[in-house]
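Data first, discussion second: the structure below is written as structure tokens.
Computed from the coordinates by the stated procedures, all read-outs in this text should not be read as laboratory data. What you see is a predicted model, and the numbers here were worked out from it, not measured in a lab. Neighbour counts run over all protein chains shown; Cβ positions are idealised from the backbone, glycine included.
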Amino acid sequence: MEVVLVAAVARNGCIGSQGSLPWHYPADLRHFRRVSASHPVVMGRRTWESLPRRPLPRRLNVVISRQADYAVPTGVCRCPTMAAALSICRASEATRAIIAGGAEVYRLALPLADELVITWVPDTPAGDTFFPPWNQGDWEVRDRRCQPPLEFVTYRRRAVP
Ligand SMILES: NC(=O)c1ccc[n+]([C@@H]2O[C@H](COP(=O)([O-])OP(=O)(O)OC[C@H]3O[C@@H](n4cnc5c(N)ncnc54)[C@H](OP(=O)(O)O)[C@@H]3O)[C@@H](O)[C@H]2O)c1
């Protein structure tokens, strides 16, 4: 099973502000739906709570939270760790696990990721949540698609020589 991070990132690294997205780009929401369709989606508890409509339909939703008594609807999984979340995805015979944020969960998943699917957003919002630092030299661009003002780029982790 491949681990795929999907994020929309501003030029200044910002991904969120006050618990939600600092922009509204319907083309990016459509892109997320397409990339995550039929794959399990792993997200942090705060991102889960930020979803306007939850669970995300027709996909296994996995929410990471340390709160053992955190209630989620039937069919949604709460996991105490990233490892447990990925085990659940593997048990569902998924070929790809989509890591949908936010920043804390991206940080946990980045060392495990095979692929990054980044939407580059031209804004520089004054947000409070940022994509974790990553070394672009460790990744090669596999696909790049411009849909002004957005750019959708798929990166694959380079094989270690
Ligand atoms: N631009 C994008 O693509 C994008 C995507 C997703 C989200 N966002 C934005 O990002 C922001 C939310 O991100 P965030 O970093 O604040 O929160 P988050 O990563 O969504 O969720 C954080 C929560 O996850 C749980 N968690 C984190 N690390 C854990 C660990 N090691 N073990 C177990 N549970 C753990 C904790 O839940 P408990 O407190 O319940 O224990 C923690 O409070 C929002 O503004 C959202 O809109 C942006």
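Structure notes:
- Filtered residues of segment 150-161 (kept if free of Cβ contacts under 8 Å to residues at least 40 places away in the same chain and in contact with a Phe, Trp or Tyr (Cβ under 9 Å, 6 or more places away or on another chain)): Glu151, Val153, Arg158
- Thr74 vs. criteria away from the ligand (no atom under 14 Å from the Cβ), of a type in the set (Ser, Thr, Tyr) and touching a residue at least 40 places away in the same chain (Cβ under 8 Å): no
- The set of residues in segment 14-34 being in a helix (DSSP H, G or I) and either within 11 Å of the ligand (Cβ to nearest atom) or of a type outside the set (A, V, I, L, M) (or both) consists of Pro26, Asp28, Leu29, Arg30, His31, Phe32, Arg33, Arg34.
- Residues that are away from the ligand (no atom under 13 Å from the Cβ) and closer than 23 Å to Ala84 by Cβ within segment 35-57 comprise Ser38, His39, Pro40, Pro55, listed in sequence order.
- Selection of segment 1-13 for residues being closer than 18 Å to Leu86 by Cβ and either among the β-branched types (Val, Ile, Thr) or not in a loop (DSSP other than H, G, I, E, B) (or both) yields Glu2, Val3, Val4, Leu5, Val6, Ala7.
- Among the residues of segment 113-129, those that are closer than 19 Å to Ile99 by Cβ and more than 13 Å from the ligand (Cβ to nearest atom) comprise Ala113, Asp114, Glu115.
- Top-ranked residue of segment 58-68 - restricted to ones that are under 19 Å from Ala97 (Cα atoms) and over 13 Å from the mean Cα position of the chain (by Cα), ranked as farthest from the ligand (Cβ to nearest atom): Arg58
- Residues in segment 11-41 that are of a type in the set (Gly, Ala, Ser) and more than 10 Å from Thr119 (Cβ to Cβ): Gly13, Gly16, Ser17, Gly19, Ser20, Ser36, Ala37, Ser38.
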